[in-house]
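Here is the structure we will look at.
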Amino acid sequence: MKMLVDGAWVPSAGDRWLDVRNPATGEVIDRVPHGTEEDIGAAVDAAGHAFDRWSAVPPRERGKRLFFAAQEIRKRADEIARLLTREQGKPLAEAHNEVLGAAHVLEYYASISGTLTGTSATIPGNGYAAVVKKPLGVCGAIIPWNMPVLIPAWKLGPMLLAGNTVVLKPSQSTPLAALQIALLVQDAVGVPGALNVVTGTGSEAGEALVRHPAIRHVSFTGQTETGKRIAMLASGGLKTVTLELGGSDPMIVCADADLDAAVEGAVRGRFYNCGQTCTAVKRLYVDAAIAGPFCDRLTKRVCALRVGDGLAPGTDMGPLHREEERARLLHLLAEMRATGDGRLAAGGDVPDDPGLRNGHFLTPTLVTDMSPDSALVREEIFGPVLPVTIVTGIDEAIALANRTRYGLGASVWTRHLPTAARAAEELECGIFWVNQHLRIPPDVPFGGVGESGIGRENGPDAPGRYMRTQTILMKP
Ligand code: NAD
């Protein structure tokens with residue numbers, strides 16, 4: 001496997017490689033170049049040379065080409081999904097959804113390609129004013145390992161539609177499916193160098209990309225601490241940034257909620273992608289009036305989840321992607337047992353199936369009666385552990401839900417519209433759901449407040465966020 005630069009697979013200027021491992025088995029499935037500063041330089045140069053040609057393509061034609069890319073992704077969805085499962089660990093059905101989701105995102109941007117227009121006005125004394133939008137130039141996109149196919153689409157769709165050219169750096173541990181998607185997009189776009197991919201680590205290829213003087217904007221998704229570092233590096237060149245960072249989403253279940261729907265929402269919200277989703281349900285607040293029946297039903301559902309290799313039929317939940325995160329969660333669970341804070345209702349250990357011994361598996365874990373100050377509630381838990389805190393009424397739930405440095409998503413489950421409206425008003429978050437969680441359609445803006453990020457992705461304004469505004473005043 002090589003890197004994608006100027007429309008072709010190219011070797012790295014260096015001679016080091018990064019192994020890509022299957023987290024379900026530990027086996028090395030491929031290797032990719034350990035991209036260097038020189039590789040980033042070559043990719044940015046290629047994107048710079050392609051800029052005039054790509055930005056001259058009319059927006060509707062750019063949209064058609066993105067649509068064509070989406071069709072090609074759909075045709076290859078089975079093959080790309082298998083690759084995604086093998087490198088990331090998620091069940092095949094989830095991988096398939098993610099690949100189709102990426103195609104859907106590109107189709108969305110194709111559908112709004114006719115909207116990239118400016119505005120005009122007549123200003124007495126100043127003549128005519130035209131406010132036009134122009135692409136920024138070469139943009140950098142830096143991707144995490146948890147959604148390595150969908151997140152590139154969130155960035156590439158609006159960046160390319162706006163007429164920019166792009167250098168993308170996938171996560172070092174999940175570059176394979178992203179490279180396949182990028183090749184299909186590059187081929188459909190038809191201008192060599194419009195989209196380039198450099199594989200490598202964050203500290204080397206990632207930082208070189210952010211620092212490169214020709215990069216005008218960096219769109220990053222990943223951990224909050226990395227986002228802060230990127231903001232600092234980008235500030236040196238006065239580059240604009242989009243930062244989609246960590247989250248600790250609360251889900252509030254009110255006394256009048258539809259309990260079956262809320263149980264299903266909590267299970268999907270927490271255990272989808274083995275709990276490794278930025279907007280996963282990371283803290284559950286349940287009203288004391290229904291806590292008993294709710295927790296009983298939830299425990300049954302969590303115990304019924306089947307853990308296994310994502311490629312095996314019937315698997316509900318695969319391994320954690322990273323061994324370090326499994327070790328951290330096991331440590332936090334051991335601490336929780338030692339302090340007696342919380343009651344382990346399900347899971348909490350490593351599955352004893354010998355066939356899973358070499359993977360990073362953890363049983364789906366439910367901890368009830370948690371104190372709101374426990375580390376499992378306070379920190380971002382990026383794995384299949386769901387802490388439940390019992391509350392009395394919506395006031396307490398909202399107050400506890402807001403006790404975090406993050407502000408990505410939040411949900412409330414209730415049949416009472418004024419309660420939902422009040423929670424929407426008072427919860428500090430970028431996306432708020434009522435009687436659902438985890439849904440992120442490309443049609444509406446998505447992003448966080450506080451330490452969950454700066455800027456927004458998705459929605460009709462997304463291409464405009466990768467454009468600059470020029471005002472032209474004309475006197476007749
Ligand atoms: P990470 O920050 O470790 O890495 C993300 C990407 O940044 C990788 O490609 C990595 O190589 C690169 N990188 C690392 N250090 C860098 C540096 N100094 N300079 C430039 N690039 C660098 O994040 P991760 O562990 O891959 O992803 C998990 C995190 O992402 C979680 O915190 C999760 O909540 C967050 N996330 C947020 C969203 C969102 O939309 N808000 C979506 C998905 C994931």
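The values are calculated or read from the model by the stated rules, or taken from the named source; none is laboratory data. Small disclaimer: the values here were computed from a predicted structure and weren't measured. Every residue, glycine as well, gets a Cβ built from its backbone with ideal geometry; the counts of neighbours run over all protein chains shown.
Check residue 345 against each of (1) in contact with a strand residue (DSSP E or B) (Cβ under 6 Å, 6 or more places away or on another chain); (2) buried (at least 18 other Cβ atoms within 10 Å of the Cβ); (3) under 24 Å from residue 85 (Cα atoms) and name the one condition it does not meet. All conditions are met except number (3). The set of residues in segment 446-469 being of a type outside the set (Phe, Trp, Tyr) and either surrounded by fewer than 16 Cβ atoms within 10 Å (Cβ to Cβ) or more than 12 Å from the ligand (Cβ to nearest atom) (or both) consists of 449, 459, 460, 461, 462, 463, 464, 465, 467, 468, 469.
Kindly indicate the residue of segment 229-245 that is near the ligand (Cβ under 7 Å from one of its atoms) and not in a helix (DSSP H, G or I) and also farthest from residue 4 (Cα to Cα) among those meeting that condition. Out of the qualifying residues, it is 245. Note on segment 199-218: among residues that are in a loop (DSSP other than H, G, I, E, B) and more than 9 Å from the ligand (Cβ to nearest atom), the one that is surrounded by the fewest Cβ atoms within 10 Å (Cβ to Cβ) is 213. Considering only residues that are in contact (Cβ under 8 Å) with a residue 24 or more places away in the chain and either polar (S, T, N, Q) or closer than 27 Å to residue 100 by Cα (or both), which ones fall in segment 28-46? Listed by number, the residues that qualify are 29, 30, 31, 32, 36. When the residues of segment 380-421 are filtered to those that are exposed (fewer than 15 other Cβ atoms within 10 Å of the Cβ) and assigned to a loop (DSSP other than H, G, I, E, B), which remaining residue is nearest to the ligand (Cβ to nearest atom)? Top of the filtered list is 405. Of all residues in segment 180-198 being within 16 Å of the ligand (Cβ to nearest atom) and not in a loop (DSSP other than H, G, I, E, B), which is farthest from residue 80 (Cα to Cα)? Top of the filtered list is 196. Considering 267, 281, the condition of being under 20 Å from residue 317 (Cα atoms) and within 14 Å of the ligand (Cβ to nearest atom) is satisfied by 281 alone. Against the test of being modelled with pLDDT of 95 or more, farther than 28 Å from residue 318 by Cβ and of a type in the set (Gly, Ala, Ser), the options 89, 101, 118, 140 yield a single qualifying residue, 140. Residues in segment 20-52 that are outside any helix (DSSP H, G or I), within 12 Å of residue 200 (Cα to Cα) and in contact with a Ser or Thr (Cβ under 9 Å, 6 or more places away or on another chain): 20, 32, 33, 34, 35, 36.
The combined condition, being assigned to a loop (DSSP other than H, G, I, E, B), among the hydroxyl-bearing types (Ser, Thr, Tyr) and either touching an Asp or Glu at 6+ places or on another chain (Cβ under 7 Å) or at pLDDT 95 or above (or both), is not fulfilled by residue 226. Within segment 85-104, the set of residues being over 24 Å from residue 186 (Cβ atoms), part of a helix (DSSP H, G or I) and touching a residue at least 40 places away in the same chain (Cβ under 8 Å) comprises 92, 94.
For residue 411, are the conditions met, namely being touching a residue at least 12 places away in the same chain (Cβ under 8 Å), farther than 20 Å from residue 116 by Cα and touching a Pro at 6+ places or on another chain (Cβ under 8 Å)? Considered against the rule, which asks whether it is touching a residue at least 12 places away in the same chain (Cβ under 8 Å), farther than 20 Å from residue 116 by Cα and touching a Pro at 6+ places or on another chain (Cβ under 8 Å), residue 411 comes out as yes.
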